[in-house]
């Protein structure tokens, strides 16, 4: 199969396992491209892509922009903070104004869950969700799973624990969907207050003991505490959180096996993970960043092939 089954990437839940494997296969070939001296291909020379970010993001926006430029697309960047959105313009108005400039694809981050899905039904352009509230962040989950496959050879049969603020994390939900579709076992670990009640319904294990979770897993994906999304206190203090759920070198060295450590970024060094772990040989955090560009190139390329010319 060389065609992706969806017209938009609004969430991992819409993808089949064949879609995910196709994205990975496409990303493999783009990874070769970005490691060449000339890192560009003329594939999307006639495509215009608008990056519309209603929430601040540095890494995701730069990664998408780099992916688009590597494919030779024309890129328009739009940040809501300095725009008419502040003056009360609606999401539809903003996007329709941008689309009237003949944009073929929209990459959007928004604070409201379901915003990308809503948009995909209203505009005549391909939509890629770059994160919608606490809902999904599909390209992050794809690059995480791709990085596990690259490191361990396969995702199937692997045990992956996601540690931290599961309640406010769109990365966690997308990762659970993606890893399960690829045949991995998933556990979440964190304080009771940061684990949503519905999570067990998704078929994942739940632990509140970091050492126990790390002994179980092959891969630990450590999430940051999303203080900006927390409207009440979910734990006494960052120091106490760090003592119970922070990953340090002492814990890593005490395990009975060597595990792979991941983090979607940005890292709160010294809170959920210490610098000596983040920079250790067991960490694949920098590989995740590099793979993010290849995965986003693959998604953009596969969706662009569905644009009617």
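Some observations on this one:
- Among the residues of the stretch 1-44, those that are closer than 15 Å to residue 306 by Cα and assigned to a loop (DSSP other than H, G, I, E, B) comprise 1, 2, 3, 4, 5, 6, 7, 8, 43, 44.
- Count of the stretch 30-45 residues which are over 17 Å from residue 147 (Cβ atoms) and free of Cβ contacts under 8 Å to residues at least 12 places away in the same chain: 3
- Residues located in the stretch 60-84, provided they are out of contact with any strand residue (DSSP E or B) (no Cβ under 8 Å at 6 or more places or on another chain), over 15 Å from residue 290 (Cα atoms) and at pLDDT 95 or above: 71, 72
- Checklist (1) touching a residue at least 24 places away in the same chain (Cβ under 8 Å); (2) in contact with a helix residue (DSSP H, G or I) (Cβ under 8 Å, 6 or more places away or on another chain); (3) within 17 Å of residue 217 (Cβ to Cβ) applied to residue 273, failing item: (2)
- Remark: residue 149 matches the filter, which requires a residue to be more than 12 Å from the chain's Cα centre (by Cα) and closer than 21 Å to residue 184 by Cβ.
- Counted residues, the stretch 1-20 - those being out of contact with any helix residue (DSSP H, G or I) (no Cβ under 6 Å at 6 or more places or on another chain), free of Cβ contacts under 8 Å to residues at least 40 places away in the same chain and within 29 Å of residue 172 (Cβ to Cβ): 3
- Qualifying residue in the stretch 45-53 (condition: outside any helix (DSSP H, G or I) and at pLDDT below 90): no
- Filter result (in contact with a strand residue (DSSP E or B) (Cβ under 7 Å, 6 or more places away or on another chain) and modelled with pLDDT under 90) within the stretch 183-240: 200
- Qualifying strands (runs of 3 or more DSSP E) (wholly inside the stretch 180-230; at least 1 residues being closer than 16 Å to residue 263 by Cα, touching a helix residue (DSSP H, G or I) at 6+ places or on another chain (Cβ under 7 Å) and in contact (Cβ under 8 Å) with a residue 60 or more places away in the chain): 219-222
- Among residues of the stretch 123-148, those that are within 26 Å of residue 307 (Cα to Cα) and in contact with a helix residue (DSSP H, G or I) (Cβ under 6 Å, 6 or more places away or on another chain), counted: 17
- Matching residues in the stretch 149-179 - criterion: being under 16 Å from residue 217 (Cα atoms), assigned to a helix (DSSP H, G or I) and touching a helix residue (DSSP H, G or I) at 6+ places or on another chain (Cβ under 8 Å): 149, 151, 175, 176, 179
- Between 294, 278, 213, the distinction of being surrounded by 13 or more Cβ atoms within 10 Å (Cβ to Cβ) and within 30 Å of residue 123 (Cα to Cα) belongs to 294 only.
The values are calculated or read from the model by the stated rules, or taken from the named source; none is laboratory data. Not measured: the values here are computed from a predicted model. A quick note on method: Cβ atoms are made from the backbone with ideal geometry, for glycine too, and the neighbour counts reach across all protein chains shown.
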